[in-house]
Amino acid sequence: MPYFDTTDGTRLFYAEAGPADGRTVVFAHAWAFNSGMWNYQVPAVIAAGMRCVVYDRRGHGRSDVPGQGYHLDRLADDLADLLAHLELRDVVLVGHSMGAAEAVRCLTRGGDERVRGVVLSAPTTPFLLRTDDNPEGPVSAAAVETARTLMRRDIGAFVAATSGTEWFGPGYQVSAGLSDWTSRQFVDTPLQVLLSTNTTCINADLRTELTAITVPALVIQGDADRSAPIEQTGRRTHALLPDSELVVIDGAGHGLYMSDPDRYNKEVLAFANALPH
């Protein structure tokens, strides 16, 4: 299996498939998940004649579990290190949920020279935490502490409370097996990693950085997303980006990449194909 070492010496897992001379789509997964969440996107990208790269964030999946490096700058640098390791150009970055924040920070830290366009999928941007200067933030400090208390006590109970119908959206259903597999990715992530990256995700303020993005962007989200409500995340993100389009999928929740993969893949590939080479 392929691995690479980041600039701080952490060993990360990645996988690639598709033609080497095609446009490359690089996927950054959600908080608490791993690269397996993109199983229903990889075949579509390859069938479209593009190269596909997925990877496991540090502490997730098959990557190393270091005791540090879970702040957003380091996570964004991990993504930039992957692009450099594979010597990628003409890249379309797709970041889901927390992965969207990593993609944005990667671009604003200098990674945009390798990137042609970015897809922010059910993003946690621009800023989740509700503060005095961010009253639109969907998450209060009290709610954060309640969630973290439950995670520390019983991660299975936390997953049960935040998955199922709420995850995929009332307009969509998936099999029990697929739902259980999704939950298992969450449960298998070390608790220390979950808590560290949760803090990073909640406190990531990207309001100013979004206005500095120079590449075209697609924001795609379901209007029944309860994990990152679209009015406080996707629509605000779209409004801050200089060059973006917004696609809203009716009835879809936070897991729209899996509950409606045909529509999701169609929109992502249409965006990728429309970018100049």
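Odds and ends about this structure:
- Working note: 222 nm ellipticity from helices only, DSSP H runs with n ≥ 4, each -39,500 (n - 2.57), summed and divided by the residues of the chain, gives -11500 deg cm²/dmol to the nearest 500.
- In region 179-277, GluC sites (Glu not before Pro) in a DSSP loop with at most 16 other beta-carbon atoms within 10 Å: 231
- The chain: relative contact order as a whole-number percent, Cα under 8 Å and 6+ apart: 20
- Anisotropy class of region 171-277 from Cα gyration tensor, a/c 1.5 cut: oblate
- Fraction of antiparallel bridges per DSSP, region 25-161 only, in percent to nearest 5: 5
- Net charge of neighbours whose Cβ lies under 9 Å from the Cβ of residue 76, counting Lys and Arg as +1 and Asp and Glu as -1: -1
- log₁₀ of I(q)/I(0) at q = 0.10, 0.14, 0.15, 0.17 Å⁻¹ - region 1-152, Debye sum with one point per alpha carbon: -0.37, -0.70, -0.79, -0.98
- With protein chains left intact and a 1.4 Å probe, residues in region 1-78 average 37 Å² of accessible area per residue.
- In terms of its Cα atoms, the chain spans 48, 41, 38 Å along the principal axes, sorted from long to short.
- Neighbours of residue 116 by Cβ distance under 9 Å: Lys/Arg scored +1, Asp/Glu scored -1, total +2.
- Annotation for region 236-262 versus region 184-234: alpha-carbon center distance of 12 Å.
The values are calculated or read from the model by the stated rules, or taken from the named source; none is laboratory data. It should be emphasised that the depicted structure is a prediction, and the values quoted were computed from it without experimental measurement. Note: ideal-geometry Cβ built from the backbone for every residue, glycine included; neighbour counts use all protein chains shown. Each accessible area value is taken on the protein alone, full model and side chains, heavy atoms only, with ligands, DNA and RNA left out. Shrake-Rupley method; radii C 1.70, N 1.55, O 1.52, S 1.80 Å.
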